[in-house]
Structures are given as C-alpha cells and as structure tokens.
C-alpha cells in the first residue's frame, strides 16, 4: 500500500509539471492558427472583415509613434486602412503565449511584413496581444506594437 501511495503521489507531481506545459503548447498552437488566418486574410485588405473577425468590439491598440489610443473596431478600421498602404502581405509568428484565465491569454507575436516584396520594402513588427475568447474564438482585445522582431 505504501508503494502505491508513493507511485500515486509521484504521478500527480509529474502531471502537475507536464500538464501546464502541454496546456501552454496547446494555447500557443491555437493562437498560431488564428495568427496564420489573420496573415492570410490580411492580403484582402478588408479592414471591416479583419476588425470584426480578429478583434473584439472594444479593442484598444497603440503603435510605435502613436499619440492616441485606438478604441473599438470603427477606429481600428481606419488604422488598418493606413497600415495596408505600407504592409501588403504579412506572416505572423507567435513567439510566446501564456494563459491569463480560461478565456484570456497574452502573446508576443512577430509580423514579417512584405516577405514576398522587394527586400527594401520588408520589415518586422512585434506585437504584444491580449486575447479574449468570444464564442469559442480567440480575438485580440488589446495590441501594443512597435518596429522590430524578437530574438529567439
């Protein structure tokens, strides 16, 4: 009986260490799928569809050099239209993702912009996203972004 108790306690300890790592990997994979879809849909340059499909209605965002917090999808649509002028295509990579609760998470995401364009037009943007799950779908609730990548 004592051996069983020790094995049981050991199994619980291992599960306590392994399960959070697996949950974090699963979260990162879920957010990467959303990032892949956002990058694919970016090429359509449809600000209304992107704002509705990938961001919460009460989204807040502020980019490098910005002076005012962008609030809500209507203001976001205007910001996206401006971003389309410089960013024709984008590939997004989730570098790290961490849960904030069952329906909230944050992630560092790097945008590789214009990778299919001339080298002079390519650039990277890093974003710190706060995600909120709405109706089973991860959406961006807040975004702070600046120029540059994130070293691995």
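If you go through the range 135-148 and keep only what is within 13 Å of residue 34 (Cα to Cα) and assigned to a strand (DSSP E or B), you end up with 137, 138, 139, 140. Residue 21 falls short of the stated requirement of being on the phi < 0 side of the Ramachandran plot and modelled with pLDDT of 95 or more. Does the range 34-56 contain any residue that is in contact with a strand residue (DSSP E or B) (Cβ under 9 Å, 6 or more places away or on another chain) and modelled with pLDDT under 95? No, because not a single residue in the range 34-56 is in contact with a strand residue (DSSP E or B) (Cβ under 9 Å, 6 or more places away or on another chain) and modelled with pLDDT under 95. Taking residue 49 as the residue in question, decide whether it is without any contact (Cβ under 8 Å) to a residue 12 or more places away in the chain and surrounded by 13 or more Cβ atoms within 10 Å (Cβ to Cβ). So residue 49 passes the test.
Selection within the range 65-89: residues that are free of Cβ contacts under 8 Å to residues at least 12 places away in the same chain and more than 16 Å from residue 49 (Cα to Cα). The member of this set that is surrounded by the fewest Cβ atoms within 10 Å (Cβ to Cβ) is 67. Scanning the range 101-115 for residues that are in contact with a strand residue (DSSP E or B) (Cβ under 9 Å, 6 or more places away or on another chain) and either more than 21 Å from residue 59 (Cα to Cα) or at pLDDT below 95 (or both) turns up 102, 112, 113, 114, 115.
The values are calculated or read from the model by the stated rules, or taken from the named source; none is laboratory data. Quantities reported herein were computed from a predicted structural model and do not represent experimental measurements. Every residue, glycine among them, receives a Cβ derived from its backbone with ideal geometry; neighbour counts consider all protein chains shown.
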